[in-house]
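**Q** Got a structure for you, questions after.
Throughout, read-outs are computed from the coordinates displayed, never taken from laboratory work. Since this is a predicted model, take the numbers as computed values, not measurements. We place every Cβ from the backbone using ideal geometry, glycine too, and count neighbours over all the protein chains shown.
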Amino acid sequence: MIKKGMVLMIELVEIEKQFQGQVVVKPLSMVIEEGEFLTLLGPSGCGKTTILRMIAGFEQPTSGNIVLAGKVVTDNPPNERDLNLVFQHYALFPHMTVEENIAFGLKMKKIPKEQQKERIAEAVAMTQLTALTSRYPHQLSGGQQQRVAIARAIVNKPKVLLLDEPLGALDLQLRKNLQTELKHLQRTLGITFVYVTHDQEEAMMMSDRIVILNNGQVEQIGTPKEIYSSPRTLFAATFVGENNIFTSPQGSFAVRPEKLRPQRSEEGSMKSGVIQDVLYLGNVHKLMVVLDQVGEQQALTVTIVLDSTDEESWRVGERIGVNWNPKDEVVIQS
Amino acid sequence: MNKSKWFFTPVLIWLGLFLIVPMLIVVAMSFMQRDTLGNVVYSFSWEGYKTFWDSLYLGIYWDTIVLSITTTVICLVVSYPLAYYLANSSPRVQNWGLILITIPFWINFLIRTYAWVLLLRTQGVVNSLLIHFGWIDEPLQMLYTKGAVLLGMVYNFVPFMVLPLYVAIEQIDRRLLDAASDLGASRWKAFWHIALPQSKAGIMTGSVLVFVSTAGMFVVTDILGGSKSSMISNIIQAQFLGARNWPFGSALSVIFVLTSLVLIVLFSRVMKSRSDRTREGGKA
Amino acid sequence: MKKKGHPLLGIHSALMMIFIYVPIVLVMVYSFNNTRLSGDWKGFTLDWYVSLLKDRHVMEALTNSLIVAVVSTIAATLLGTISALSMRDIARKWRGPLNGVLYMPVIIPDIIMGLSLLVLFSQLHIPLGKSTVMIAHITFSMSYVYVVVNARLAGMGRQLEEAAQDLGATYWQTFRHVTLPQITPGIISGALIAFTLSLDDFMVSFFVAGPSSTTLPIYIYGQVKRGISPEINALCTLLILVSITLILLAQYVLNRGKGQKKNKMLPF
């Protein structure tokens, strides 16, 4: 949906990628706005990295066009596109220092020495690398290397920054810290970020909009809120966060675990069943309930998530009723 | 950046001209014959191959195959424990061991063969030592015997066998051996049923290398064997550089290459069928 | 996880190493032996080395060997490096056969290579001399350079070059600033290997060298056929030392460049 006054940074027009007869990316059209943080989210092999590489210029779309800031760049090689890519494994030049790595893009464009110094200093400050400029990549930790990769990209002031699962190789704590830093960086710089990840929590936390991909197919595009509360397909409903899917011959609908309410008595409840498991996770606790079989259908196990406002003690084997507000049902297209 | 692929052209031309074409000419020449003056007659003839089908040459051909196979087997038996030991040693020992094993590769065959002349001749080191210690009175005739040739061959090609074996053994997943011993296998059984089959690729590579190299090595028979022992490679060499019967030499070369190929294919079939049975054991 | 091996394995391995090195060491030791005929030790001398320097034939063979080695090394390194670099851009279906062709000089027995080149030169009426030996050496050396440089390229992957392009580098800029520095250790190693192979080669050279282009190994062969002599011991010793030094140097260069696990210098 193109709103008035919105600046289009990237336009993908019917992009398709086939590889040896197999369709890796099904025809896709979408727009990415200036200054937005857009994430391509999906499991391995869904085509997200391929799309990113097509935007960057390392893969040629089998058909379709890529438009960057109004200019068609489909046939342009990567070094002629005004965007930069942060590689998954950083791809830092091992024979150059941190400073030389960062300076590389500026050197290639023959920016005058004075300006180079200024811009490098800016990028280094922004990524907190000031003390490390004369080190070599192999002397840095994973997190530091990642910062160098980012600094090396942003120093060129690209219109768009592409990031290919940049935090994949880092451990959990470091990942969480860097997620915040990257989000902050994007806001400060104000440039468009196109981010690729398979981690849905990461996507939810950082993005303005998320594109959910599965097997080369776009499942849904929307803000994190839209995707979470109104998933349109089965895949979208179950890939982001946990969900309970109720199927009937008339169709399917989903209800999030936190929207289900357990009841001590089975009377008046929409469904009833037996508690199979009680899991305590710190800030929330979960009930796994096996619902009673209805007719021919298989027994469904639902997850109920309760926070600290629920002080009841639920026991395994207990029979309970399960209730929810019909407004919280989300209809799913199969 | 597809334009860089065209840079391959000079390489292709070079190899085509100096590798492929010469061998094609040799094959063609094997079907020609020479006249009384020693010049090649450019007409089709089976003469070269017919000359080969003679008891003298067939005998030498057979001797060559026997010698090559014997050398290969001895090298294998002698090198395997060494490779196994290296592959299971500490990184330091492995490092130094590898350097020591690799160095002989880069020393000229001639020199390595010549060293045995120094050792085995009547006034050589071995005889001197034996006489000095009083174990014999007269010097032994060791040079110019079949034994000397075999020794020289094995000596020259042990490094060719050790390295591929080492590489293959080193890559064996140690956890397989652990699993075997957990299931009750003794060290020998674990070796025989697991380590050995897993190192098949190394045995293949090493054996092929040694076999082909042995068959083509006329230097060893020349220097250590004297006039009595001859291999096909000595005959081939003589045709090109002495007797000037190039068509015959070409025919012998073709036979030599074909024989090697056939034996290699047979050998790999044998290896493959046995390793296919091992592979069915499932992935680790 | 190291398993404690059977003690016999260690003993056998030590014996094998002794077996491999004793003959070589003996040649070197006897090059200093102050006697011409006997196998006993009769004192230390450098006479044999001195007489080598004075020998016109030896010096001529040495000169020939060096000229051939230098020229063939330069050409082989160039061709081998180009093959490795351009192979990456060649369509997948052609890579198998082309790889095969590049490996052929390594697999083909020296004798076959020698005689087939001899036949070629005679058919083309090219007289045998230093240039024919050079051609032969270039042909087999380039394969070794290809193997070494290829290994470096494979270890490098495409990511670094893509990163350079993404940062605005053209094809040549990428090559100059990123690819070349990465493969330089491989190129130098390959060159050292090529040089050693050329110096050491006997069988192929034997077929294609003319009467006036005797190389050192061919000279040694001629002498050995006549019998042993301490001068030959001295010459062999020198050749051994030079070869070992060059190869250890090549290994060192390669490992310094890589900075990680060692890369073995395999001639195949």
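**Q** When only Cα pairs under 8 Å and 6 or more residues apart are kept, what is the percent relative contact order across region A:257-332?
**A** Relative CO of region A:257-332 lands at 44 percent.
**Q** Amide H of A:ARG135 versus every other amide H placed in the peptide plane: which residues, excluding those fewer than 5 positions away on the same chain, fall under 5 Å?
**A** Placed amide hydrogens put A:VAL98, A:GLU99 under 5 Å from A:ARG135.
**Q** Oh, and also: Can you work out the Karplus-derived ³J(HN,Hα) for every residue in region A:77-91? Use 6.51 cos²θ - 1.76 cosθ + 1.60 with θ = phi - 60°, whole Hz, and x for glycine or proline.
**A** x, x, 6, 9, 9, 7, 9, 9, 10, 9, 6, 4, 10, 6, 6
**Q** Counting partner chain Cβ atoms within 10 Å of every residue's Cβ in B:237-245, what's the average?
**A** Taking all residues of B:237-245 together, the mean is 2.
**Q** What order do you get for A:287-297, A:147-157 when each peptide is scored by the mean count of other beta carbon atoms within 10 Å, highest first?
**A** Peptide ranking by packing, descending: A:147-157, A:287-297.
**Q** While we're here: Loop-only check: which trypsin sites (Lys or Arg not before Pro) in region A:234-334 are DSSP coil with at most 14 other Cβ within 10 angstrom?
**A** Passing both the DSSP loop test and the Cβ count: A:ARG264, A:ARG315.
**Q** Taking a ≥ b ≥ c as the square roots of the eigenvalues of the Cα gyration tensor of region B:58-279, is the shape rounded (a/c under 1.5), prolate (a/b larger than b/c) or oblate?
**A** It is oblate, given that a/c is not under 1.5 and a/b is not larger than b/c.
**Q** Using per-residue counts of other Cβ atoms within 10 Å, averaged over each peptide, order A:198-207, B:211-220, C:223-232 from highest down.
**A** Sorting A:198-207, B:211-220, C:223-232 by mean packing, highest first, produces B:211-220, A:198-207, C:223-232.
**Q** Mind giving me the nanometre distance, one decimal, between the label points for B:ASP178 and B:VAL77, set 7 Å out from Cα along Cα→Cβ?
**A** 3.5 nm
**Q** On to the next question. Determine the shielding of peptide C:233-242 by partner chains: average, over its residues, the number of Cβ atoms on other chains within 10 angstrom of each Cβ.
**A** Mean shielding by partner chains, rounded to a whole number: 3.
**Q** Next up: Take each of the peptides C:157-167, B:108-118, C:57-67, average the number of other beta-carbon atoms within 10 Å over its residues, and list them starting from the highest.
**A** The most tightly packed comes first, giving B:108-118, C:157-167, C:57-67.
**Q** Any number yet on Rg/Rh for chain A, C-alpha, Kirkwood?
**A** Here the Rg-to-Rh quotient is 1.06.
**Q** Here's another thing I want to ask about it. Could you state the per residue volume, in Å³, of the convex hull enclosing the Cα atoms of region A:257-332?
**A** In region A:257-332, the Cα convex hull volume per residue is 111 Å³.
**Q** Let me ask another. Taking Cα centroids, how far is region A:35-102 from region B:115-143 in Å?
**A** With region A:35-102 and region B:115-143 each reduced to a Cα centre, they are spaced 74 Å.
**Q** Spelling out what I want: for every residue of region A:67-74, take phi, set θ = phi - 60°, compute 6.51 cos²θ - 1.76 cosθ + 1.60 (Karplus), and round to whole Hz; glycine and proline get x.
**A** Taking θ as phi minus 60°, the curve returns 10, 10, 6, x, 9, 6, 10, 3 Hz for region A:67-74.
**Q** Mind jotting down the distance between the C-alpha centroids of region A:210-249 and region C:172-194, whole Å?
**A** Cα centroid to Cα centroid, the span is 50 Å.
**Q** Right, next: For a quick check: with amide H placed at 1.01 Å from N, whose amide H comes under 5 Å from A:THR62's, ignoring anything fewer than 5 positions away on the same chain?
**A** Hits under the 5 Å cutoff: A:GLU16, A:LYS17, A:GLN18.
**Q** If you count the DSSP beta bridges with both ends in chain A, what percent of them are antiparallel, to the nearest 5?
**A** Around 70 percent antiparallel, to the nearest 5.
**Q** Turning to a different aspect of this structure: Let me know the mean shielding of B:73-85 by other chains, meaning the per-residue number of their Cβ atoms within 10 Å of its Cβ.
**A** Average per residue, whole number: 3.
**Q** Once R0 is set to 30 Å, what does the formula 1/(1 + (r/R0)^6) return for the Cβ-Cβ distance between B:LEU56 and B:ALA28, expressed as a FRET efficiency to the nearest 0.05?
**A** Working from the Cβ atoms, E equals 0.75.
**Q** Find which of A:LEU287, A:LEU162, A:LEU129 sits farthest along the positive direction of the dipole of chain A, computed with +1 on the beta-carbon of Lys and Arg, -1 on that of Asp and Glu, about the Cα centre.
**A** Of the candidates, A:LEU129 comes out farthest on the positive side.
**Q** What full-extension length gain, to one decimal in nm, is calculated for B:SER4 and B:THR36 as 0.36 nm per residue of separation minus the Cα-Cα distance?
**A** Full extension from B:SER4 to B:THR36 adds 6.3 nm.
**Q** Let me ask you something else. Per residue, how big is the convex hull of the protein assembly as shown when only Cα atoms are used? Give it in Å³.
**A** So the per-residue hull volume is 256 Å³.
**Q** Right, here's the next one. Evaluate the relative contact order of region C:55-258 (contact order divided by residue number), counting alpha-carbon pairs under 8 angstrom at least 6 apart; express in whole percent.
**A** Relative contact order for region C:55-258 comes out at 34 percent.
**Q** Using the charge dipole of the protein assembly as shown (Lys, Arg: +1 at Cβ; Asp, Glu: -1 at Cβ; taken about the Cα centre), state which of B:GLY48, A:VAL194, A:GLY42 has its Cα farthest towards the positive end.
**A** About the Cα centre, the residue reaching furthest to the positive side is B:GLY48.
**Q** On to the next question. Using +1 at the Cβ of each Lys and Arg and -1 at the Cβ of each Asp and Glu in region C:130-228, identify which of C:VAL204, C:ASN150, C:TRP172 lies farthest towards the dipole's positive end.
**A** C:VAL204
**Q** Ok, one more. Within the set A:LYS183/A:LYS286; B:LYS146/C:LYS225; A:LYS107/C:LYS93, which residue pairs have Cα atoms separated by over 27 Å?
**A** In this structure, A:LYS183/A:LYS286; A:LYS107/C:LYS93 lie more than 27 Å apart at Cα.
**Q** Would you mind computing, in nm to one decimal, how far apart the modelled labels at A:GLU201 and B:SER45 are, each placed 7 Å from Cα along Cα→Cβ?
**A** Computed distance between label sites A:GLU201 and B:SER45 equals 8.6 nm.
**Q** Rounded to the nearest 0.05, what FRET efficiency do A:SER265 and A:THR238 give with R0 = 35 Å and r taken as the Cβ-Cβ distance? Could you check?
**A** After rounding, the FRET efficiency stands at 0.70.
**Q** Karplus couplings for region B:167-180 from phi (6.51 cos²θ - 1.76 cosθ + 1.60, θ = phi - 60°), rounded to Hz, Gly and Pro as x?
**A** 4, 5, 5, 5, 8, 5, 5, 4, 5, 5, 5, 4, 4, 4
**Q** Report the full-extension gain for the segment B:ILE20 to B:ILE69: residue separation times 0.36 nm, less the Cα-Cα distance, to one decimal in nm.
**A** Here the segment from B:ILE20 to B:ILE69 would lengthen by 14.8 nm.
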